[in-house]
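Colleague: Sharing a structure, written as structure tokens. Questions coming.
The values are calculated or read from the model by the stated rules, or taken from the named source; none is laboratory data. On a predicted model such as this, the values are computed, not experimentally measured, just so you know. Glycine also receives a Cβ, built like all others from the backbone with ideal geometry; neighbour counts cover every protein chain displayed. Only protein heavy atoms, including side chains, enter the accessible area calculation; ligands, DNA and RNA are left aside. Shrake-Rupley method; radii C 1.70, N 1.55, O 1.52, S 1.80 Å.
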Amino acid sequence: MYEKEISLAVIKRLPRYYRYLGELLENDVVRISSKELSEKMQVTASQIRQDLNNFGGFGQQGYGYNVEYLFTEIGKILGLDRKYHVIIIGAGNLGQALANYTDFERRGFLIKGIFDVNPRLEGISIRGNEIRMMDTLEQFVKTNSVHIAALTIPKAKAPQVAADLVSWGVKAIWNFAPTDLNLPKNITVENVHLAESLMRLSYNLKAREEQESENNKDE
């Protein structure tokens, strides 16, 4: 659809545009300028225009952006006009939290199966999905259209499970395990390392406190 390669930074901003535009729609906002959108998103108006120009622009000079139209088009760019079947590997606290998150369904991500190795969890239902044992995973993947697998399992298990999923036809891995996965280049992997995110937060908090301390000394 788009001949030029889109930068990772632009792709990371697209979900934020989608979320903010959704909020504007809920508040019955019909149109918005790049300047107004920039104030909400803390991104420059120029950056917003550059980002959207990667996909055709969507704005009209003197009018700005039609909120509903832009929301719909960004949803299409993100693939949210499709339905994706998702399975969760690991039915611990995080896996169950993902299974219980109803917003996924609104975005077109449908939880089709939850798997674990703990026999005490077998048969427990989470929003209509019964937890299955891992020895049924291969057959399930091969007989169901599974697009995305979410891994919420220990890092020692993640590489082999991911490799198995890929060999059975899964094309996208949502990886919550604190490890890097060595998978073929045609497999899409999104890593969500919660501890690393918390460390970045810790660094920024520490840096700000140190800066405030230095400022207090100068006063």
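Colleague: Counting only residues that are outside any loop (DSSP other than H, G, I, E, B) and hydrophobic (A, V, I, L, M, F, W, C), which one in the range 170-193 is least open to solvent (accessible area, probe 1.4 Å)?
Modeller: 173
Colleague: Can you pull out every residue in the range 129-152 that is within 28 Å of residue 193 (Cβ to Cβ) and open to solvent by 60 Å² or more (accessible area, probe 1.4 Å)?
Modeller: 132, 138, 147
Colleague: Could you grab me the full set of residues in the range 29-52 that are in contact with a helix residue (DSSP H, G or I) (Cβ under 9 Å, 6 or more places away or on another chain) and either hydroxyl-bearing (Ser, Thr, Tyr) or not in a helix (DSSP H, G or I) (or both)?
Modeller: 29, 30, 31, 32, 33, 34, 38, 43, 44, 46
Colleague: Anything in the range 187-210 that is closer than 18 Å to residue 173 by Cβ and of a type in the set (S, T, N, Q)? List them, or say none.
Modeller: 188, 191
Colleague: Let me ask another. Using beta carbons and a limit of 9 Å, which pairs, at least six apart or on different chains, have the first residue in the range 80-97 and within 20 Å of residue 172 (Cβ to Cβ) and among the aromatic types (Phe, Trp, Tyr) and the second one part of a strand (DSSP E or B) and open to solvent by less than 40 Å² (accessible area, probe 1.4 Å)?
Modeller: 84/148; 84/172
Colleague: Something else: Go over the candidates 148, 187, 131, 111 one by one and state the one that is closer than 23 Å to residue 79 by Cβ, touching a Ser or Thr at 6+ places or on another chain (Cβ under 9 Å) and of a type in the set (A, V, I, L, M).
Modeller: Result: 148 is the single residue among 148, 187, 131, 111 that is closer than 23 Å to residue 79 by Cβ, touching a Ser or Thr at 6+ places or on another chain (Cβ under 9 Å) and of a type in the set (A, V, I, L, M).
Colleague: Here's a follow-up. Give the residues of the range 138-169 that are under 16 Å from residue 114 (Cβ atoms), assigned to a loop (DSSP other than H, G, I, E, B) and in contact (Cβ under 8 Å) with a residue 60 or more places away in the chain, sorted by residue number.
Modeller: Result: 146, 147, 152, 153.
Colleague: For the range 53-76, give me each residue that is assigned to a helix (DSSP H, G or I) and either open to solvent by 20 Å² or more (accessible area, probe 1.4 Å) or touching a Ser or Thr at 6+ places or on another chain (Cβ under 8 Å) (or both).
Modeller: 53, 68, 69, 71, 72, 73, 76 - these are the residues of the range 53-76 that are assigned to a helix (DSSP H, G or I) and either open to solvent by 20 Å² or more (accessible area, probe 1.4 Å) or touching a Ser or Thr at 6+ places or on another chain (Cβ under 8 Å) (or both).
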